[in-house]
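Each remark here refers to the structure printed beneath this line.
The values are calculated or read from the model by the stated rules, or taken from the named source; none is laboratory data. Not measured: the values here are computed from a predicted model. So basically every Cβ, Gly included, is an ideal-geometry build from the backbone, and we count neighbours across all protein chains shown. Note: accessible area is taken over every heavy atom of the protein model, side chains too, but ligands, DNA and RNA are not part of it. Shrake-Rupley method; radii C 1.70, N 1.55, O 1.52, S 1.80 Å.
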Amino acid sequence: KLGSEALEQALRMMGPWSILSLLATLILLFAFQGKAILEQPLIIARLSIPILLRVVFNAGFAYWLNRKFGESHAIACPSALIGASNFFELAVAAAISLFGFESGAALATVVGVLIEVPLMLALVYVVNRSKRWYERAAAS
């Protein structure tokens, strides 16, 4: 009703609060699950392996498909990363609201955060470093 400027202003005002809320949720989640993480390394590893494989496969496949179909590198990079993402914010919210902070579902989301964040940073590095390889196919 008030127009796009009012929406932009509301989003600017809410932005820092949403980031702080997510950060507070993650801190609480890690606080409640810290003992489980330290006491159950085998379960953490078993939860990590499928997440790792899925993220690497999805990112690689999306990146390759983008190259195959001639998309620019600027499109392929975010496409590959979005395709690989677990959208852990949503997973964390669902696990906590449905099962509580100390549940196995919440533990799985903690593992997802522990694996996905460094892995996504590594994928950003890979797609940035492979730009020349990627663009060679477009030039051909």
Only one of (1) of a type outside the set (S, T, Y); (2) within 30 Å of E71 (Cβ to Cβ); (3) open to solvent by 30 Å² or more (accessible area, probe 1.4 Å) does not apply to E116, and that is (3)
G15: on the phi > 0 side of the Ramachandran plot and open to solvent by less than 60 Å² (accessible area, probe 1.4 Å), yes or no?
no
Looking at (1) modelled with pLDDT of 85 or more; (2) part of a loop (DSSP other than H, G, I, E, B); (3) surrounded by 12 or more Cβ atoms within 10 Å (Cβ to Cβ), find the lone condition where E102 falls short.
(1)
Somewhere in the stretch 81-94, is a residue on the phi > 0 side of the Ramachandran plot and open to solvent by 30 Å² or more (accessible area, probe 1.4 Å)?
yes
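Residues A95, A74, A80, A91: which one is among the hydrophobic types (A, V, I, L, M, F, W, C), free of Cβ contacts under 8 Å to residues at least 12 places away in the same chain and either part of a helix (DSSP H, G or I) or closer than 20 Å to R46 by Cβ (or both)? Please lay out each step first, then the result.
Details: A95 fails: free of Cβ contacts under 8 Å to residues at least 12 places away in the same chain; A80 fails: free of Cβ contacts under 8 Å to residues at least 12 places away in the same chain; A91 fails: free of Cβ contacts under 8 Å to residues at least 12 places away in the same chain.
From the options A95, A74, A80, A91, the qualifying one is A74.
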Any idea which residue in the stretch 56-71 is farthest from Y125 (Cα to Cα), counting only those that are hydrophobic (A, V, I, L, M, F, W, C) and outside any loop (DSSP other than H, G, I, E, B)?
L65
Going by the conditions given, is E135 among the acidic types (D, E) and modelled with pLDDT of 85 or more?
yes
For the structure I just gave you, tell me whether L107 is part of a helix (DSSP H, G or I) and open to solvent by 60 Å² or more (accessible area, probe 1.4 Å).
no
